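Participant: Next up is a structure, given as C-alpha coordinates.
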Amino acid sequence: MIKPITKKIVNEPLSTTVFNLFEAQMGSYSIKNVELRNKAIDKLNKTFDRIDVLLFLRGDALKAAEIAGILKRRGKTVGVDVITAAIALNNGCTVVTRNRNHFQQISEETGLEVVFY
(Lines give C-alpha, C1' and ligand atoms only; values in the text may rest on other atoms or scores of the structure.)
Protein backbone atom coordinates (compact mmCIF):
# COMPACT_ATOMS: atom_id res chain seq x y z
CA MET A 1 0.00 0.00 0.00
CA ILE A 2 2.92 2.35 0.60
CA LYS A 3 4.15 2.26 -3.00
CA PRO A 4 1.00 3.80 -4.60
CA ILE A 5 0.97 6.55 -1.98
CA THR A 6 4.63 7.46 -2.36
CA LYS A 7 4.25 7.68 -6.16
CA LYS A 8 1.54 10.32 -5.69
CA ILE A 9 3.58 12.37 -3.21
CA VAL A 10 6.74 13.03 -5.18
CA ASN A 11 8.17 16.31 -3.90
CA GLU A 12 7.06 16.14 -0.28
CA PRO A 13 9.09 14.77 2.61
CA LEU A 14 7.46 11.65 4.03
CA SER A 15 7.01 11.09 7.73
CA THR A 16 5.08 8.68 9.86
CA THR A 17 4.55 8.34 13.56
CA VAL A 18 6.04 5.84 15.94
CA PHE A 19 2.46 4.75 16.62
CA ASN A 20 1.86 4.05 12.91
CA LEU A 21 5.09 2.06 12.85
CA PHE A 22 3.73 0.00 15.75
CA GLU A 23 0.38 -0.57 13.98
CA ALA A 24 2.04 -1.66 10.74
CA GLN A 25 4.56 -3.99 12.35
CA MET A 26 1.94 -5.47 14.66
CA GLY A 27 0.12 -6.56 11.52
CA SER A 28 3.32 -8.08 10.15
CA TYR A 29 4.12 -9.94 13.35
CA SER A 30 0.61 -11.39 13.43
CA ILE A 31 1.02 -13.21 10.10
CA LYS A 32 0.95 -16.94 10.84
CA ASN A 33 3.08 -18.09 7.91
CA VAL A 34 6.69 -17.60 9.03
CA GLU A 35 8.08 -16.90 5.57
CA LEU A 36 5.40 -14.33 4.75
CA ARG A 37 5.73 -12.79 8.21
CA ASN A 38 9.49 -12.36 7.86
CA LYS A 39 9.10 -10.84 4.37
CA ALA A 40 6.50 -8.38 5.63
CA ILE A 41 8.62 -7.39 8.63
CA ASP A 42 11.69 -6.90 6.44
CA LYS A 43 9.77 -4.88 3.84
CA LEU A 44 8.32 -2.56 6.47
CA ASN A 45 11.69 -2.16 8.21
CA LYS A 46 13.23 -1.07 4.90
CA THR A 47 10.36 1.33 4.28
CA PHE A 48 10.50 2.87 7.74
CA ASP A 49 14.28 3.22 7.47
CA ARG A 50 13.76 5.60 4.51
CA ILE A 51 11.27 7.95 6.15
CA ASP A 52 11.26 10.16 9.23
CA VAL A 53 9.51 8.54 12.19
CA LEU A 54 7.99 11.17 14.48
CA LEU A 55 8.00 10.35 18.19
CA PHE A 56 5.07 10.60 20.61
CA LEU A 57 6.07 13.31 23.05
CA ARG A 58 4.48 14.94 26.10
CA GLY A 59 3.05 17.79 24.02
CA ASP A 60 1.53 15.26 21.65
CA ALA A 61 -0.08 13.41 24.55
CA LEU A 62 -1.61 16.65 25.80
CA LYS A 63 -2.86 17.59 22.32
CA ALA A 64 -4.30 14.09 21.81
CA ALA A 65 -6.11 14.31 25.15
CA GLU A 66 -7.50 17.72 24.18
CA ILE A 67 -8.78 16.45 20.81
CA ALA A 68 -10.26 13.31 22.38
CA GLY A 69 -11.97 15.38 25.06
CA ILE A 70 -13.49 17.77 22.53
CA LEU A 71 -14.77 14.91 20.41
CA LYS A 72 -16.11 13.03 23.44
CA ARG A 73 -18.07 16.09 24.55
CA ARG A 74 -19.66 16.10 21.09
CA GLY A 75 -20.53 12.40 21.35
CA LYS A 76 -17.83 11.30 18.88
CA THR A 77 -15.00 8.83 19.38
CA VAL A 78 -12.09 8.10 17.09
CA GLY A 79 -9.95 5.92 19.33
CA VAL A 80 -6.20 6.16 19.21
CA ASP A 81 -6.20 8.02 15.88
CA VAL A 82 -6.06 11.18 18.00
CA ILE A 83 -2.43 10.25 18.72
CA THR A 84 -1.50 10.37 15.04
CA ALA A 85 -3.51 13.57 14.62
CA ALA A 86 -1.82 15.26 17.57
CA ILE A 87 1.66 14.33 16.36
CA ALA A 88 0.80 15.62 12.88
CA LEU A 89 -0.63 18.89 14.20
CA ASN A 90 2.33 19.53 16.48
CA ASN A 91 4.78 18.88 13.63
CA GLY A 92 2.89 20.80 10.92
CA CYS A 93 2.22 17.65 8.89
CA THR A 94 -0.60 16.60 6.59
CA VAL A 95 -2.13 13.19 7.32
CA VAL A 96 -2.56 10.85 4.36
CA THR A 97 -5.04 8.10 5.23
CA ARG A 98 -7.85 5.82 4.10
CA ASN A 99 -9.64 6.35 7.41
CA ARG A 100 -12.11 9.02 6.33
CA ASN A 101 -14.49 8.35 9.23
CA HIS A 102 -12.09 9.19 12.04
CA PHE A 103 -9.87 11.77 10.39
CA GLN A 104 -12.74 13.76 8.89
CA GLN A 105 -14.10 14.27 12.40
CA ILE A 106 -10.68 15.22 13.73
CA SER A 107 -10.07 17.60 10.84
CA GLU A 108 -13.40 19.34 11.34
CA GLU A 109 -12.58 19.99 15.01
CA THR A 110 -8.90 20.88 14.68
CA GLY A 111 -8.21 22.09 11.16
CA LEU A 112 -5.80 19.20 10.61
CA GLU A 113 -4.98 18.91 6.92
CA VAL A 114 -5.94 15.44 5.68
CA VAL A 115 -5.61 13.80 2.27
CA PHE A 116 -7.80 10.76 1.75
CA TYR A 117 -7.01 8.02 -0.76
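Participant: What about PHE19, is it of a type in the set (Phe, Trp, Tyr) and either touching a Pro at 6+ places or on another chain (Cβ under 6 Å) or touching a residue at least 40 places away in the same chain (Cβ under 8 Å) (or both)?
Facilitator: Yes: the conditions hold for PHE19.
Participant: Report, by residue number, each residue of the range 83-93 that is surrounded by fewer than 19 Cβ atoms within 10 Å (Cβ to Cβ) and touching a residue at least 40 places away in the same chain (Cβ under 8 Å).
Facilitator: Residue satisfying the conditions is ASN91 alone.
Participant: Given the conditions (1) at pLDDT below 95; (2) assigned by TED's automatic domain parsing to the domain that holds TYR117, and given that ILE87 satisfies all but one, which numbered condition is not satisfied?
Facilitator: (1)
Participant: Within the range 37-56, track down each residue that is among the basic types (Lys, Arg) and either touching a residue at least 24 places away in the same chain (Cβ under 8 Å) or out of contact with any Phe, Trp or Tyr (no Cβ under 9 Å at 6 or more places or on another chain) (or both).
Facilitator: Hits for the range 37-56 are LYS39, LYS43, LYS46, ARG50.
Participant: Continuing with the same structure: Any idea which of VAL96, VAL78, VAL53 is in a strand (DSSP E or B) and either modelled with pLDDT under 95 or buried (at least 16 other Cβ atoms within 10 Å of the Cβ) (or both)?
Facilitator: None of the others qualify; the one that does is VAL96.
Participant: Report, by residue number, each residue of the range 59-78 that is of a type outside the set (Val, Ile, Thr) and touching a helix residue (DSSP H, G or I) at 6+ places or on another chain (Cβ under 7 Å).
Facilitator: Within the range 59-78, GLY59, ASP60, LYS63, ALA64, ALA68, LEU71, LYS76 meet the criteria.
Participant: Additional query: How many residues does the range 15-50 contain that are outside any helix (DSSP H, G or I) and either over 26 Å from VAL114 (Cβ atoms) or of a type in the set (S, T, N, Q) (or both)?
Facilitator: Residues meeting the conditions: 7.
So that you can scan it fast, the table gives a plain yes or no per residue for (1) exposed (fewer than 15 other Cβ atoms within 10 Å of the Cβ); (2) of a type outside the set (A, V, I, L, M, F, W, C):
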site: THR17; (1), (2): no, yes
site: LEU21; (1), (2): no, no
site: ALA24; (1), (2): no, no
site: GLY27; (1), (2): yes, yes
site: LYS32; (1), (2): yes, yes
site: ILE41; (1), (2): no, no
site: ALA64; (1), (2): no, no
site: PHE103; (1), (2): no, no
site: TYR117; (1), (2): yes, yes
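The values are calculated or read from the model by the stated rules, or taken from the named source; none is laboratory data. Computed from a prediction, not measured in an experiment: that's the story for all the values here. All Cβ positions, glycine included, derive from the backbone under ideal geometry; neighbour counts span all protein chains shown.
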